[in-house]
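Notes for the one structure printed next.
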Amino acid sequence: MKDLKKLLQQKKEAGLYRQRRITQGPQSTELIVDDKKVINFCSNNYLGLANHPTINQAFKQGIDRYGSGSASAHLINGHSAAHHALEEELAEFTGYQRCLLFSTGYMANIGVVQALMGRGDVVLEDRLNHASLLDAGLLSGARFSRFEHASVSDARSKLSKYPEQEKMLLTDGVFSMDGDIAPLAELAQVCQQHQSYLMVDDAHGIGVLGEQGRGSLEYLGLAPSAVPVLMATLGKAFGAAGAFVAGSEDVIEYLIQNARSYIYTTAMPAALAEASRASLKLVQAENARRQKLVELIKQFRRAVAEMGYQLMDSVTPIQPIVIGDSKKALEMSQQLFAQGIHVSAIRPPTVEQGKARLRITFNADHSFGQLQQLLDALDVISKKNTLL
Ligand SMILES: *Cc1c(COP(=O)(O)O)cnc(C)c1O
């Protein structure tokens with residue numbers, strides 16, 4: 001048997017040990033974390049909808065109408081009118097023929113790739129893809145290959161190696177730990193030339209990018225036809241939970257018949273679908289939330305660059321500061337925490353070795369005063385630590 005104590009100790013020594021902090025109360029720009037009040041710069045609550053009265057109200061009314069549990073899978077009798085309406089509204093929103101709800105984004109990715117790809121097929125992934133996309137590719141049993149981050153030429157050369165096989169190229173829309181946007185127009189073209197599926201995971205783009213909040217595709221001016229399979233989650237900008245896949249009539253129908261993580265799991269509570277329906281209305285109606293984010297990001301980047309920090313090429317609310325060493329990143333995160341600023345240190349294996357970072361994320365509800373407090377704290381720790 002493995003010596004788990006020793007393995008855990010090794011993780012601690014390498015600065016890779018992870019600990020859960022206990023929070024009190026709802027998600028907001030301020031949080032009580034381990035009994036300390038802090039300003040929160042590490043949630044994916046980009047639009048500030050995770051505790052919005054209208055969505056909370058829809059959730060409560062959903063419980064009154066549907067109860068708390070859905071009690072069975074979608075294909076038995078767990079597929080309520082609320083789930084169905086949400087799917088139709090998401091199809092309308094994204095411009096795809098149909099959408100299919102999954103209980104989590106992780107499950108959506110696993111289900112899609114397992115259903116569409118298998119032994120003898122080829123799955124190609126950006127090497128910085130989210131763990132759930134990488135796992136999906138590996139679990140599908142298809143031949144698995146990674147291309148250099150955001151490199152269209154590497155994707156093209158890898159695709160051209162497999163002229164006979166069924167192929168699927170998978171990429172994040174917005175990369176979760178870097179905040180940059182994939183070159184989707186170019187990837188779409190390469191995929192069409194090589195008769196490969198393109199699947200985009202827009203967990204961090206949906207709701208945040210584009211005037212209507214339709215995500216990376218809207219931001220880049222792409223039609224749904226360029227991306228045959230789109231996955232996005234309802235637990236980040238939408239402030240609820242769950243995920244959906246958008247595609248053609250045939251893609252969705254095929255997933256209903258074959259995606260095991262769709263078939264063999266209990267449907268999300270109908271009340272949660274009602275909450276997401278309310279969220280979708282706000283996401284579309286309140287572009288001011290996105291404009292506020294743009295302003296926060298602009299001011300943050302200008303100020304931080306002057307302090308000598310190394311920023312990444314990101315226009316999104318994900319604004320990482322690369323530190324490099326895991327222990328140093330952890331230490332800096334602790335120094336920020338001591339000043340009342342909550343920013344998490346992201347370390348391997350979530351990011352590559354030597355690329356540990358402070359992952360700062362913005363929420364449209366952050367005030368400019370809170371931004372200033374973050375900047376002041378970063379200024380203090382930049383003087384305490386030698387930066388890369
Ligand atoms: C969060 C995330 C997921 C997983 O979604 P959940 O609904 O949290 O399971 C998938 N892909 C990306 C890029 C993500 O950031």
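What follows draws every value from the coordinates through simple rules; no lab data is involved. Since the structure is predicted, the reported quantities are computational estimates derived from the model, not experimental observations. Virtual Cβ from ideal backbone geometry, glycine too; neighbours counted across all protein chains shown.
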query: Taking amide hydrogens as modeled 1.01 Å from N in the peptide plane, which residues meet the under 5 Å criterion relative to ARG146, leaving out close sequence neighbours?
result: GLU125
- request: Give me the lysines in straight-line cross-link reach of LYS236: C-alpha distance below 19 Å, same-chain residues under 8 apart excluded.
  value: LYS281, LYS292
task: Return the long-range amide H neighbours of ILE360 (sequence gap of 5 or more, or a different chain), with a cut-off of under 5 Å between placed amide H atoms.
output: GLN319, ILE321
task: Determine the alpha carbon to alpha carbon distance for each of LYS5/LYS37; LYS5/LYS36; LYS11/LYS384 and list only those over 28 Å.
output: LYS5/LYS37; LYS5/LYS36
Derived scalar couplings ³J(HN,Hα) [the range 347-361; Karplus, 6.51 cos²θ - 1.76 cosθ + 1.60; whole Hz; x for Gly, Pro]: 10, x, x, 5, 10, 5, 3, x, 10, 4, 8, 8, 9, 8, 10
- prompt: Restricting attention to the range 166-272, which chymotrypsin sites (Phe, Trp or Tyr not before Pro) occupy a DSSP loop and are surrounded by at most 14 other Cβ atoms within 10 Å?
  reply: TYR264
statement: the chain, Gaussian network, Cα under 10 Å: of MET312, MET168, MET107, the residue fluctuating most is MET312
field: Vicinal HN-Hα couplings computed from phi for the range 238-243 (Karplus, 6.51 cos²θ - 1.76 cosθ + 1.60; Hz; Gly/Pro x)
entry: 6, x, 10, 6, x, 7
- prompt: Is the range 2-123 rounded, prolate or oblate when judged by the Cα gyration tensor, a ≥ b ≥ c being the square roots of its eigenvalues, rounded requiring a/c under 1.5 and prolate requiring a/b larger than b/c?
  reply: oblate
query: What are the radius of gyration and Dmax of the chain, computed over its Cα atoms and given in Å?
result: 21.1, 60
- prompt: Amide H neighbours of GLY48 under 5 Å, counting only residues 5+ apart in sequence or on other chains, H built in-plane at 1.01 Å?
  reply: ALA364, ASP365
field: Residue-wise HN-Hα coupling along the range 14-27, computed from phi with Karplus coefficients 6.51, -1.76, 1.60 (Hz; x: Gly, Pro)
entry: 8, x, 10, 6, 10, 10, 8, 9, 9, 9, 10, x, x, 5
statement: As a percent rounded to 5, the proportion of antiparallel DSSP bridges among beta bridges in the chain is 55 percent
field: Ranking of GLU125, GLU186, GLU306, GLU88 by count of other Cβ atoms within 10 Å, fewest first
entry: GLU306, GLU88, GLU186, GLU125
